[in-house]
Amino acid sequence: MLRGKTRRGTIRCRGFAVGCWLASASLLMAATALPAQIKIAAREPAIIRDGDGAQQMKVSNEGSAAVPLGFTVGSFYDDTARSKIEAPKITFSLDSGGNLPATLAPKQSIQAIIDFHGFTGSLTAHATLFNEGVQVAVLRLVAVDTPLNIALDGEGTANDPIPYSLNRSVTLTLKNSGKDYVTLDWKFLIGGTVEGSGTAIMIPGGLARLVFKPTDDVYADVDWLKPRKLDGLLLLRPHTPPDVDTSLFNLQPLPVSVYMDRWSPTTTQVFFASFVMVLLLLGGVLSLLSNSILPDIQTKLAYEKKVATLADRTTTISNRVNSYLRVLLDLDRRKIEMTLSDVHWFSISTGEKIDAAAADIAKLEKRLDVTETLDRLRRRFEVISAWAPPSASDRIDLSLEVAASRLRTVDLSDDVVAAVNGILAKAEGDMDSLEDLASQTKAVAENFKQIKIRLSVFPLEYYQDLRDALPGIFHMFDEPFDNPDNLVRSMLFAIDHDIFAGHIALDYAMVRATIARSAPLPCGTPGEAALERLRDRECRLIELLGTMSWKALRGANLLVQQMREDIYESDVLDEIKRHRDQQDRIVRIAYDTMRVRPYLPIFFSLAFDNPRFANAAALHCVVFRWTFPKEFFEDSTTVCHYFAGDEVGVAAKFEEAAINAPPAPLQAAISNQRQVLRKAIHKKQEQLRKKEEKRRKKNAYFTMVSLEVHRPDTPGDCAVLTEAVRVDPPQDWTNSRTGIELARFLMAFGAALVVLEAGIMDQLKKLDLLAAIVAVVALGFGADSIKNILGQTSKSAAPAKK
């Protein structure tokens with residue numbers, strides 16, 4: 001009996017122990033599974049500056065049970081050395097402030113911030129993030145402001161250049177004077193040409209040798225005779241892991257001095273000795289230049305430098321200025337460049353061409369000064385329009401538009417310049433007067449009186465719903481703001497904005513009220529469709545009127561005008577798409593000249609045969625993207641462009657095939673595979689380029705102009721038009737007088753040099769190289785026969801005396 005009881009007790013104890021063990025194991029597995037429900041979404045990497053940084057992460061509980069939050073960070077390891085580094089101080093907090101919650105409820109997410117303090121000893125490092133001992137994420141830290149203490153060691157400095165020859169490899173030695181392990185991506189350039197690149201790992205205080213083979217591209221012709229001393233550029237950037245953006249680190253340039261010895265000293269000396277044979281010709285040319293041609297050439301160079309300065313100024317003109325003004329500036333500059341390029345040292349008409357260039361430069365400076373003023377005021381107006389009363393913004397914008405329109409003339413006279421300067425001065429005065437509180441309050445009070453007068457006679461039932469939808473605007477009109485004494489500076493923008501928004505709202509109410517309704521007349525419901533289209537855009541109008549912005553008011557005004565005309569942005573796109581095959585030419589790209597000639601301004605616009613679309617307000621609400629040859633783009637309803645005559649022509653058959661392509665495939669190709677289409681066109685153009693170059697010299701050629709139109713909010717839904725423009729070839733002008741004089745000069749000058757060379761050959765053998773060079777140049781410079789030729793040229797080029 002006792003034994004049986006003992007056995008039963010033992011079984012009970014063992015069963016109890018097994019049960020306790022299973023319960024503990026279940027609790028342990030549950031505790032292990034809970035942190036695994038945590039999901040971390042972090043923006044990597046964390047940017048560290050001055051040792052401090054932060055990283056934002058989204059913590060989500062994707063499980064069905066609450067999970068405790070107990071974040072810890074493991075050891076930090078350098079990405080380059082793969083070694084453990086000192087961990088920074090780390091704190092966790094909520095993005096909204098405060099500490100992290102102790103637990104995270106099921107399906108709950110929080111925005112957390114990890115702050116790092118005192119991060120040193122590494123450029124890029126990583127560490128494991130744990131929650132309750134379970135890995136949930138990997139933290140990546142990037143110290144973007146850590147300086148690279150890398151310098152050249154040995155050859156390559158200014159006092160010790162590296163011999164740079166094609167027949168051997170070049171070795172650059174770098175020394176790491178810093179305390180960090182670094183892996184560097186390096187690239188060596190000479191004159192913009194990449195000579196070598198690679199990756200180097202450097203330990204603190206260690207050296208790295210960069211080996212590469214020179215290429216033939218960096219050598220100049222002078223290196224055959226006298227090697228140059230150049231400064232190459234070694235670009236260094238820390239090598240980062242694949243998930244770290246390399247642009248976070250700045251490039252560190254190291255100048256490297258090189259000696260461009262292309263071959264070997266012996267070979268170079270041979271080439272230099274051969275060069276002595278042409279020095280006699282050089283002496284004669286120097287004699288010619290110093291006595292006759294040099295003054296004109298100096299003037300030409302001065303003008304070219306001035307034109308280059310004007311070109312730099314021209315390129316600073318922004319797209320805020322009308323494209324026609326920018327084209328005129330470019331054409332004036334190109335005209336001067338072509339005039340100066342036609343000035344040759346042997347030409348007898350050099351003086352006349354330089355005088356013409358001087359007059360054109362004065363004209364370009366005059367136009368450029370006024371255009372720069374217009375551009376400057378446009379830039380200033382963009383800033384002012386954000387806070388100035390809308391009435392003042394409209395007045396200033398109108399003045400700037402009038403000034404721009406007055407400048408659109410090919411021959412810019414002094415009277416036009418004076419008038420434009422007066423208009424611009426008025427616009428600038430209006431901008432300056434915005435600081436005058438008395439004048440601004442008076443203007444706003446006057447505008448307030450006008451809206452009050454209009455409201456007093458405007459039927460309330462026409463705009464009652466608008467009054468309820470825009471209470472902040474219409475309730476403003478119940479205040480005594482018609483008295484300037486009741487206005488302060490901070491109120492001006494809001495009151496003036498509400499005044500103009502009120503006018504637009506009343507305009508809309510009148511447009512809505514004038515739409516035809518059903519009547520006893522046998523007309524059916526003529527205005528039902530127009531009213532429905534108007535109602536569809538009513539919310540957009542309310543949204544624009546409720547936005548306190550001058551640009552929003554301009555958009556609302558355009559929208560009301562579209563409602564008035566019953567033509568909207570979608571109608572423009574539908575009209576273009578309906579005729580995009582251009583078989584009927586109802587919608588097309590139009591230009592305003594009978595014949596397109598090189599270097600003449602041409603206006604391009606979108607033309608409709610339907611008169612309802614002509615100058616419709618909707619055309620100013622869609623986005624135009626013009627594409628011209630040479631990857632030139634313009635964004636405007638009407639643009640100005642010119643052709644230089646050197647565009648790659650496309651065969652007429654190819655252009656016709658592109659135009660007459662089926663509309664759906666063409667639309668799909670441009671919308672979905674635009675890059676593929678461009679590559680195909682470019683390949684076809686390259687195949688026909690040589691043939692077109694020959695044909696273009698005698699006949700006109702065709703070039704392609706394309707236009708993409710889309711709504712601002714739906715850029716993918718675009719309508720595309722193309723136009724083959726027939727451009728007359730540039731005229732090849734020849735100067736017979738210059739050709740005859742050049743032939744006469746070359747025959748006399750060549751005969752004189754042949755005689756001199758025959759007489760000095762024996763003497764050159766007795767002199768060393770340097771003395772022979774000096775003697776030959778001096779002899780060619782002082783030859784009487786060359787002076788006689790020079791005197792004849794100068795006499796023929798001099799003006800006749802009366």
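The values are calculated or read from the model by the stated rules, or taken from the named source; none is laboratory data. Everything numeric here is computed off the predicted structure, so don't read it as measured data. Cβ coordinates were reconstructed from backbone atoms using ideal geometry, including for glycine residues, and neighbour counts include every protein chain displayed. Note: accessible area is taken over every heavy atom of the protein model, side chains too, but ligands, DNA and RNA are not part of it. Shrake-Rupley method; radii C 1.70, N 1.55, O 1.52, S 1.80 Å.
Quick notes
- Relative counts (whole %) of C-alpha pair distances in the range 164-227, using bins that are 5 Å wide: 4, 16, 22, 19, 14, 11, 8, 4, 2, 0
- More than 15 angstrom apart: percent of Cα pairs within the range 364-403: 42 percent
- The label point for L301 and the one for Y462, both projected 7 Å from the Cα toward the Cβ, are 7.4 nm apart.
- Full-extension gain in nm, A724 to T266, via 0.36 nm per residue minus C-alpha separation: 158.9 nm
- For the range 397-445, the calculated P(r), taken from all Cα-Cα distances in 10 Å bins from zero up to the bin holding the longest distance, is 25, 40, 22, 11, 1 percent.
- Hull shadow area, averaged, the range 457-548 [alpha-carbon convex hull, nm²]: 7.0 nm²
- P(r) tail fraction, the range 73-197 - alpha-carbon pairs more than 24 Å apart, %: 52 percent
- The range 58-143: C-alpha gyration tensor shape, a/c 1.5 cut-off, then a/b vs b/c: prolate
- For the range 190-232, radius of gyration divided by Kirkwood radius, i.e. Rg to Rh on alpha-carbons: 1.11
- Principal axis analysis of the Cα atoms in the range 362-494 yields extents of 61, 31, 22 Å, listed in decreasing size.
- Modelled FRET efficiency - R0 41 Å, E435 with D342, Cβ distances, 0.05 increments: 0.20
- Rolling a 1.4 Å probe over the protein chains gives Y77 an accessible area of about 90 Å².
- For the pair R82 and R168, the difference between a 0.36 nm per residue extended length and the Cα-Cα distance amounts to 27.4 nm.
- Taking amide H as placed 1.01 Å from N in the peptide plane, I85 has its amide H under 5 Å from the amide H of F76, Y77, D78, each at least 5 places away in sequence or on another chain.
- Links that overshoot a 20 Å alpha carbon limit, given the list K175/K229; K300/K353; K89/K175; K179/K213; K335/K363: K175/K229; K89/K175; K179/K213
- Globularity index of the range 134-186, i.e. its alpha-carbon radius of gyration over 2.2 N^0.38 Å: 1.81
- ³J(HN,Hα) computed for each position of the range 425-436 - Karplus, 6.51 cos²θ - 1.76 cosθ + 1.60, integer Hz, glycine/proline x: 5, 5, 4, 5, x, 5, 5, 5, 6, 4, 7, 7
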